[in-house]
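Encoded as structure tokens, the structure appears first; notes follow it.
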């Protein structure tokens, strides 16, 4: 992945998240409030995270348990499928966390060694903050529900967070074209 694409994609994603929050539309509020326990979101996010992870396991090198990749894939697939039955609460949040952690590698890999571009640190800083947040939310996913309750308690908060996301997304989109 190129550094331009690695910076532009998170910027566009932040713009896509910040715009609806800035508008404070009731449909967006309802969708985000229901997200942590949503079964459909769990199938989407956790399913996508599980498929991406299993694809990574299937493509392990010989040095990384390459001889055992088929049994590992079968075992992890069983764990992922059983997660929907055994621990369905907040599975959407855990799936989002898995996607963030899996996406961090190509994003950081694109910025690795590009020391001639100090503006890459806007991307790298965001990715490390998201890694920390993903690790924290994967341990206690109910915190996302609590955050949404706090966020939507006052319309000013929602608009402020939306403006911040939109602004940082626009900054990343502009920085992406400066490499």
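Only the coordinates and a few stated rules stand behind these numbers; no lab work does. Small disclaimer: the values here were computed from a predicted structure and weren't measured. Methodologically, a virtual Cβ is constructed for each residue, glycine included, from the backbone with ideal geometry; neighbour enumeration extends over all protein chains shown.
In plain terms, the residue of 25, 59 with the fewest other Cβ atoms within 10 Å comes first and the most crowded comes last, giving 59, 25. State whether the stretch 37-179 is rounded, prolate or oblate according to the following rule on the C-alpha gyration tensor (a ≥ b ≥ c being the square roots of its eigenvalues): a/c under 1.5 gives rounded; otherwise a/b larger than b/c gives prolate, and the remaining case gives oblate. Oblate, because a/c is 1.5 or more while a/b does not exceed b/c. When the Gaussian network model of the chain links Cα atoms closer than 10 Å, the mean-square fluctuations of 15, 131, 74 top out at 74. Each of 85, 69, 33 has some number of other Cβ atoms within 10 Å of its Cβ, and from fewest to most they run 85, 33, 69. Could you compute the FRET efficiency for residue 34 and residue 128, with r as their C-beta to C-beta distance and R0 at 25 Å, rounded to 0.05? Efficiency at R0 = 25 Å is approximately 0.30. Here the calculated FRET efficiency for residue 84 and residue 143, from their Cβ-Cβ distance with R0 = 22 Å, stands at 0.50, rounded to the nearest 0.05.
Order of 39, 7, 158, 73 from fewest to most other C-beta atoms within 10 Å?
On the way: 39 11, 7 29, 158 22, 73 17.
Ordered by Cβ neighbours within 10 Å, fewest first: 39, 73, 158, 7.
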